[in-house]
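Q: Let me give you the structure first, and then I'll get to my questions.
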Amino acid sequence: FAIGRLVGEHTNLNAREQDGATALAWAAMRSNSAIAELLLKAGADPNLALLLGETPLMAASRAGNPDVVAQLLDKGANMNARGPRGQTALMWAVAERHSEVVKVLLARGADFRAKSDVWSDMMAVPPHGKPEYNRLIPHGGETALMFAARVGDLASAKLLLAAGGNVNDADAWGV
């Protein structure tokens, strides 16, 4: 179909699927800068999140296209929005080793000090099988620099350190 019809005067640019996805979210997930640009120019909302909280900027950061990330930021995307488990677009970019996206986000002022949410899971601790040995094990509380260390993303780690990332931060477990 013709792309021009996609953004015709009767099109609801912010129409959502059952999971909350919009056409812009799909363009971001697919790293399609031409479609993202067209939708944004026509007035698509860059901050409409999926039902679980992931924004188009988070999707674009995870997909790794710095052009789509810049387009979304230019149209007012909240770069420090928190999605599932409190992760930001910067954390998504680092977790997927997209240092070029990290550069864009840091240059625009992304909060590299933010920590992901903290939660606990009940887990069996040896000797297994006795309820009194179960313990709540904490997870989360990680910064973008911690994500970089975990996945071995040296390029992003260098960028985060240059921005002022703290090598002494600890996660919820104390690591």
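The values are calculated or read from the model by the stated rules, or taken from the named source; none is laboratory data. A quick note: this is a predicted structure, and the numbers were derived from the prediction, not measured. Ideal geometry is used to build each Cβ from the backbone, glycine not excepted, and the neighbour counts take in all protein chains shown. For accessibility, only protein heavy atoms count, side chains too; no ligands or nucleic acids. Shrake-Rupley method; radii C 1.70, N 1.55, O 1.52, S 1.80 Å.
Q: Over the Cα atoms of the range 30-175, what Rg and Dmax result, in angstrom?
A: Radius of gyration, then largest Cα-Cα span, for the range 30-175: 17.4, 61 Å.
Q: In deg cm²/dmol, rounded to 500, what helix-only [θ] at 222 nm does the chain give when every DSSP H run of at least 4 residues adds -39500 (n - 2.57) and the total is split over its residues? List each step's numbers first, then the result.
A: Numbers: 9 runs with 71 residues, N = 175.
Result for the chain, helices only: -11000 deg cm²/dmol.
Q: Quick one: P(r) of the range 106-153 from all Cα-Cα pairs, 5 Å bins, percents rounded to integers, in order of increasing distance.
A: So the P(r) values, bin by bin, are 5, 18, 15, 16, 13, 12, 9, 6, 3, 2, 1.
Q: Between Leu50, Leu38, Ser116, whose Cα lies farthest towards the positive end of the dipole of the chain when Lys and Arg beta carbons carry +1 and Asp and Glu beta carbons carry -1, centred on the Cα centre?
A: Selected residue: Ser116.
Q: Also, I was wondering about something else. Starting with the highest mean, order 162-173, 91-102, 117-128, 67-78 by the number of other Cβ atoms within 10 Å, averaged over the residues of each peptide.
A: On the way: 162-173: 13.1, 91-102: 24.2, 117-128: 11.0, 67-78: 21.1.
The packing order, highest mean first, is 91-102, 67-78, 162-173, 117-128.
Q: Work through the residues other than Ala155 whose Cβ is under 13 Å from its Cβ and net out their charges, Lys, Arg +1 and Asp, Glu -1.
A: On the way: positive: Arg97, Lys103, Lys158; negative: Glu96, Glu100, Asp153.
Here the count lands on 0.
Q: Out of the total accessible area of the chain (probe 1.4 Å, heavy atoms of protein only), what percent is carbon and sulfur? It would help to have the intermediate numbers written out before the result.
A: Numbers: 4990 of 9440 Å².
Roughly 53 percent, rounded to a whole number.
Q: With +1 on each Lys and Arg Cβ and -1 on each Asp and Glu Cβ, and nothing else charged, work out how big the dipole of the chain is about its Cα centre, in Debye to the nearest 20.
A: Using Cβ point charges on Lys, Arg, Asp and Glu, the chain gives about 160 debye.
Q: Next question, about the same structure. Using the alpha-carbon centroid of each, what span in Å lies between the range 10-46 and the range 71-142?
A: The distance from the Cα centre of the range 10-46 to that of the range 71-142 comes to 25 Å.
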